[in-house]
Amino acid sequence: MGVIGLIASTTLQGCAQRQIETAPAVIAVEVKDTPPADLLACPAMPAPFPSDAAATIPPAVRSALIALATAYADTRDQLLRVIRWHEPGACADPR
């Protein structure tokens, strides 16, 4: 009988109602600080390589140039997203 009582008490504890925790209220704080105007200025698009010129670039240098150009493009895109977040519609895409 002692084993049955132990099993029943364990089972009954599993059926007890659990206390549901409530999440804290969401608090929204308006940010009034705007970055300085020079940080919100649209970045200039660099000129492309001349189309009428030719060069032989070693593979290692070519890879480094591609990495630099990709990093610059990623940074420019990130800056444009920040500027447009502060001023929607700013810095129209010239393409």
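The numbers here are math on the coordinates, done by the rules we state, and not lab data. Just so it is clear, the model here is predicted, and its values are computed rather than measured. For neighbour counting, all protein chains shown are included, and Cβ atoms are generated from backbone atoms with ideal geometry for every residue, glycine included.
Between the alpha-carbon centres of region 41-80 and region 19-38 there is a gap of 38 Å. The residues neighbouring residue 69, those whose beta-carbon lies less than 12 Å from its own, together hold a net charge of +1 under the Lys/Arg +1, Asp/Glu -1 convention. Working from label points 7 Å from Cα in the Cα-to-Cβ sense, the residue 26 to residue 54 distance is 6.1 nm.
Cβ neighbours within 10 Å, averaged per peptide: list 23-33, 40-50 in order, most packed at the top. Don't skip to the answer; put the middle values down first.
Details: 23-33: 4.8, 40-50: 10.2.
Going from most to least packed, we get 40-50, 23-33.
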